[in-house]
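Written below as structure tokens is the structure these notes are about.
Laboratory data are not the source of any read-out in this text; all were calculated from the coordinates shown. Remember, predicted model here, so these are calculated numbers, not experimental data. Glycine gets a Cβ as well: all are built from the backbone with ideal geometry, and neighbour counts include every protein chain shown.
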Amino acid sequence: MTPKHLGQASGLPASPDAAELDYVPNPRPDALYLVRFAAPEFTSLCPVTGQPDFAHLVIDYAPGETIVESKSLKLFLGSFRNHAAFHEDCTVGIGQRLFDEMRPQWLRIGGYWYPRGGIPIDVFWQSGKPPEGLWLPGQGVAPYRGRG
């Protein structure tokens with residue numbers, strides 16, 4: 001598993017479907033632990049108006065045999081910048097793709113979307129029950145009150 005992006009010049013993919021995620025061997029396959037990625041400046045486009053939508057994404061997972069390489073994840077998430085989809089589709093789609101490709105023991109994603117039209121929409125997805133004994137800190141994003 002040689003990463004395609006790490007240490008290489010890589011442009012932003014044209015779309016989430018065109019993005020290639022890299023996975024590398026889990027350096028601690030016998031340990032039960034949690035990996036967290038936070039993307040506080042995630043953007044996509046409203047599929048109706050074309051206006052930008054902004055979210056704070058938090059992705060937590062308990063690795064299986066592989067971990068996702070962070071540069072490829074950054075490029076994948078950046079590919080949504082010009083992608084038109086509803087909040088639910090973006091959030092759940094990201095979680096499902098990571099789960100389907102990486103095959104972690106467990107994964108959850110919280111999409112904390114900033115309001116447009118006066119209503120914030122928060123979207124949550126997880127692959128199932130977390131493994132027994134896995135430490136699960138809260139995601140640390142307060143309900144909308146002027147996030148920050």
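You can think of it this way: the chain between Gln51 and Val24 has 6.1 nm of extra reach, that is 0.36 nm per residue less the Cα-Cα gap.
Take each peptide in 115-123, 78-86, count the other Cβ atoms within 10 Å of every residue, and average; sorted highest first, the result is 78-86, 115-123. Of all aspartates and glutamates in the structure, those lying under 17 Å Cα to Cα from Lys71, and not within fewer than 8 positions of it along the same chain, are Asp17, Glu20, Asp22, Glu41, Asp60, Glu101. A simple spin-label model places the labels of Ser15 and Arg103 2.8 nm from each other, with each point 7 Å out along Cα-to-Cβ. Per-residue ellipticity at 222 nm computed for the chain from its helices equals -5500 deg cm²/dmol, with DSSP H segments shorter than 4 residues left out and the rest contributing -39,500 (n - 2.57).
Each residue of segment 24-41 is assigned a 3J(HN,Hα), and the resulting list reads 10, x, 5, x, 10, x, 8, 9, 8, 8, 10, 10, 10, 10, 10, 10, x, 10 Hz, derived from the Karplus form 6.51 cos²θ - 1.76 cosθ + 1.60 (θ = phi - 60°), x at Gly and Pro. Compared with the dominant principal axis of the Cα atoms in the chain, helix 87-102 is inclined by about 10°. Here Trp135, Trp125 are placed in order of increasing Cβ neighbour count within 10 Å, fewest first, which gives Trp135, Trp125.
Name the shape class, rounded, prolate or oblate, that the alpha-carbon gyration tensor gives for segment 1-125, where a ≥ b ≥ c are the square roots of its eigenvalues, rounded holds for a/c under 1.5, and otherwise prolate holds if a/b is larger than b/c and oblate otherwise. Display every interim value, and only then the final one.
Numbers: a/c = 2.52, a/b = 1.49, b/c = 1.68.
Since a/c reaches 1.5 but b/c is at least a/b, the shape of segment 1-125 is classed as oblate.
Ranked by the mean number of other Cβ atoms within 10 Å of their residues, highest first, the peptides 98-105, 46-53 fall in the order 98-105, 46-53. Sorting 6-13, 107-114 by average packing, meaning the other beta carbons within 10 Å per residue, from highest down gives 107-114, 6-13.
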